[in-house]
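Data block below; observations after.
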Amino acid sequence: MALRVGVGFDSHRLAPGRPLLLGGVRIPHDRGLVGHSDGDVVIHAVIDALLGAAGRGNIGEWFPDTDEAFAGADSAALLARVWEDLAQRGWRLVNLDCVVVAQRPRLTPHLRAIQERLAGLLGCPRGNVSVKPKTADALGLLERGEGMAAFAVVLVEVGEPAGAGPPPAGAPG
Ligand code: MG
């Protein structure tokens, strides 16, 4: 079994009047992440980790923030599109591990829901998905609760062809 690893990172600023979505789950909070899409840092990190593992480019190539088609986009739907592409090419997820850096709110009560949502999007058992919350002591924006960040690492079984290059122009549909 050939394996490849991928890493992803993302960060977004928080602002009032926005829904907070993490891993495709709506989290009750007095502010939400600002982005061209819904600002879901967890899913954006996961997408980049998957694309990196498969050598299929990066989230900015797939879903340009200059493209109005992705304004306010549901990041869960973007992840579903990426994973559908990779799964069709034979890629299989071994496991996903994420760190979410957030000063507030406390994410522990929401971890199971986030894991279940991500596992559902990736068609794997919840046990293959890990999500860990961290606060951000001494990290400026993050510490002041003005932003959030996420890291993701994936291990995948190689599909074919491995490292097939960037996504098709205007991908995928
Ligand atoms: Mg992002």
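The values are calculated or read from the model by the stated rules, or taken from the named source; none is laboratory data. All figures in this text were calculated on a predicted structure; none of them were measured in a lab. Cβ atoms come from the backbone with ideal geometry, glycine included; neighbour counts cover every protein chain shown. Just so you know, the surface numbers come from the protein's heavy atoms only, side chains and all, with ligands and any DNA or RNA stripped out. Shrake-Rupley method; radii C 1.70, N 1.55, O 1.52, S 1.80 Å.
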Exercise for the section: Over all directions, average the projected area of the Cα convex hull of the chain and note it in nm². Expected result: 9.5
Problem - Residues with amide H under 5 Å from that of LEU22, placed H, sequence gap 5 or more - result: ILE27
Problem - Dipole magnitude (debye, nearest 20) for the range 69-142, charges at Cβ of Lys, Arg, Asp, Glu - result: 200
Problem - Karplus 3J(HN,Hα) series, Hz, for the range 88-95 with 6.51 cos²θ - 1.76 cosθ + 1.60 (x for Gly, Pro) - result: 5, 8, x, 6, 10, 7, 8, 7
Problem - Surface accessible to a 1.4 Å probe, per residue, for the residues of the chain, Å² - result: 47
Handout entry: Nearest-ten-degree value, helix 41-54 long axis tilted from longest Cα axis of the chain
Key = 20
Fill in the blank from the handout: A correct Karplus calculation of ³J(HN,Hα) over the range 61-69, with 6.51 cos²θ - 1.76 cosθ + 1.60, θ = phi - 60°, whole Hz and x for Gly and Pro, returns 6, 6, 10, x, 6, 8, 9, 4, 4
Completion exercise
Sequence order, the range 11-21: Karplus ³J(HN,Hα) from phi using 6.51 cos²θ - 1.76 cosθ + 1.60, θ = phi - 60°, Hz rounded, Gly and Pro as x, gives 8, 9, 7, 9, 8, x, x, 10, x, 9, 10
Practice task
Sort out for me the Cα centre separation of the range 39-107 from the range 114-138, rounded to whole Å.
Solution key: 13
Completion exercise
Measure of exposure for GLU61: accessible area at 1.4 Å probe, Å² rounded to 10, is 90
Problem - Nearest 10 degrees, 0 to 90: helix 111-122 Cα axis against the chain principal axis - result: 30
Exercise for the section: Give the relative contact order (percent, whole number) for the chain; include only Cα pairs under 8 Å separated by 6+ residues. Expected result: 34
